[in-house]
Number of protein chains: 2
Amino acid sequence: MGTTQLQSVPEPKYWHLKTVIGEALDSEFQVGQILPNERELAARFGVARATLRQALEQLELEGRLQRRRGVGTTVAPPRVGVDVSTAQHRWPGTGDDSWQAVDCATTPPPAAVLRLLEADDTDPDTGTGASRPVYAVRRLRATHGQALAAEQLYVPAASVPGLVTDESLTGPALARGVLRELERLPLEGQDRSVELGSARADDAKELDRLPGAPVLVVTTRYLSGGRTAAVSVATYRADTCRLTFGDVGDLQIAS
Amino acid sequence: MGTTQLQSVPEPKYWHLKTVIGEALDSEFQVGQILPNERELAARFGVARATLRQALEQLELEGRLQRRRGVGTTVAPPRVGVDVSTAQHRWPGTGDDSWQAVDCATTPPPAAVLRLLEADDTDPDTGTGASRPVYAVRRLRATHGQALAAEQLYVPAASVPGLVTDESLTGPALARGVLRELERLPLEGQDRSVELGSARADDAKELDRLPGAPVLVVTTRYLSGGRTAAVSVATYRADTCRLTFGDVGDLQIAS
DNA sequence: GAGTGGTCTAGACCACCAT
DNA sequence: TGGTGGTCTAGACCACTCA
């Protein structure tokens, strides 16, 4: 038959929808403005609700929309630039009030973290358990009342020799005590990695997201005295955060 | 009625599924092994295919699974650590064969990039167009034949004054020429940001993914002579890449 | 051509938030 | 209590890969 194929390789509907809605966001909507609900939007575009949701999910992933159950879908503000630079060799949170210590436990860290912590602990000496227990400090990072990240900072006891382990020290106070002692160590370097993950239930709750929400997982190894003095696993909200590594230093400051 | 509520707040089925399958991956499967197809898995777990797919999507997002249309679902290898460190003040790809120049065009860059390029171009002098045209160099980064990232490197003409603009220079050759000239500039610093994005159609094709696939967008501003000499926008496959910022430097090398 | 994952539908019910 | 987004179902068809 001589029917000419107008769209030989048609793009998926949800992809086209995403483009259309994305353009509408630029031209017709303002930050914070509420969109029509999903059922109406689906009807308006003549698609099933599931298809519309696929488009909205993409836009939310890109940080352009914010959806909250029971409330609605709103236009998200531009992503917040969050400094996670490694240029200044400082302990995390030093001279920076954006981190807040929340709790501290001594539950054994996950196997992956243990590998990082004990990689250089097993070789030099014979004993392995010298650095136990490992303090697990829980911290939150926020700006303008908005939760950005939840962190689990693992500190082996060997890194905080001066810590008084008084039993009366409860969670938050113990957390601050561990941090205070940690800052006394000379920080010699750090290496860091960033990868995509999905929020565990506890992280999700503190980040005001649903479990499984996309997060940027920043893993940092802090080095002091040739050893791994601490390991931090921080999960940043991927929808609202843009991680910045301001490496410019002197040049930027001079201008 | 006296029916006791066994699960007062039951977690979503797909979340539970994800956990179960994830544990199975650890204990019963090997990297590269192929899973039963989605219809069978859904039947085996007694859920709809869409629900099963929600769990698989999460596992793929976390880099634990790899799905390919027409082929099947396989167990993914651990993520590749990709160095994107800013510690060495070098131009991208110098002394590193993982980047390969593909093409070069002079199409105007997107507005967001233009803002970065011309921020310090408008103030000092009166003229603005001094740095036009802007070369858009296209490069790919790969290891072991596996595409990791696609980059768009924007270089204002002002940054490569020695470039001979012969019309016979085709795309790839022009790209290499621009890079060669760029490397002659003294690199004074760079700042960088990482955020979550979804792959544009062209990036997706070169990364062997579907459009919309999650990517880590690394934006870098290269500074030379107090100016922004180039801007790079690189999209890394979020499922297979873990970006590493090896800041340890001397200490790590010495050990 | 058989089998895979990708897209899409038209419903239903649930958890949550505001009023 | 009404409205929102979140979950789930049971189908259907399509695009792709490979033998």
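Per-residue shielding of B:236-245, expressed as the average number of other chain Cβ atoms within 10 Å of the residue Cβ, stands at 5.
Shielding value for A:108-117 is 0, the average number of Cβ atoms from other chains within 10 Å of each residue's Cβ. In this structure, the amide hydrogen of A:THR228, modeled 1.01 Å from its nitrogen in the peptide plane, lies closer than 5 angstrom to those of A:ASP120, counting only residues at least 5 positions away or on a different chain.
Interface size, chains B and A: roughly 3100 Å² of accessible area buried, both sides included, 1.4 Å probe, rounded to the nearest 100.
Inter-copy label distances at A:ARG115, using a point 7 Å along Cα-to-Cβ, come to 4.1 nm with the shortest given first. Between copies, A:VAL31 shows label-point distances of 4.3 nm, shortest first, with the point placed 7 angstrom from Cα along Cα to C-beta. The contact residues of the stretch A:184-202, meaning those that lose at least 20 Å² of 1.4 Å-probe accessible area when all protein chains sit together rather than their chain alone, are A:GLU188, A:GLN190, A:ASP191, A:ARG192, A:SER193, A:VAL194, A:GLU195, A:LEU196, A:SER198.
By a 1.4 Å probe calculation restricted to protein chains, B:ARG132 has an accessible surface near 120 Å², given to the nearest 10. Annotation for A:THR51, label-to-label distances across the other copies: 2.5 nm (shortest first, one decimal, point 7 Å from Cα along Cα→Cβ). For the stretch A:168-226, pairs of C-alpha atoms spaced more than 18 angstrom apart make up 60 percent of the total.
Surface listing: B:PHE29, A:PHE245 arranged by accessible area from highest to lowest gives B:PHE29, A:PHE245, probe 1.4 Å. Averaging over all projection directions, the Cα-based convex hull of the stretch B:13-75 occupies 3.8 nm² in the image plane. Scanning chain A for the beta carbon that comes closest to the axis linking it by rotation to B yields A:VAL194, 3, distance in whole angstrom.
Phi angles of the stretch A:25-39 translate, via the Karplus equation with coefficients 6.51, -1.76, 1.60 and θ = phi - 60°, into HN-Hα couplings of 4, 5, 9, 10, 10, 10, 4, x, 5, 9, 7, x, 5, 4, 5 Hz per residue; Gly and Pro are given as x. Residues A:VAL134, A:VAL102 ordered from highest to lowest accessible area at a 1.4 Å probe: A:VAL102, A:VAL134.
The values are calculated or read from the model by the stated rules, or taken from the named source; none is laboratory data. Not measured: the values here are computed from a predicted model. Every residue, glycine as well, gets a Cβ built from its backbone with ideal geometry; the counts of neighbours run over all protein chains shown. Just so you know, the surface numbers come from the protein's heavy atoms only, side chains and all, with ligands and any DNA or RNA stripped out. Shrake-Rupley method; radii C 1.70, N 1.55, O 1.52, S 1.80 Å.
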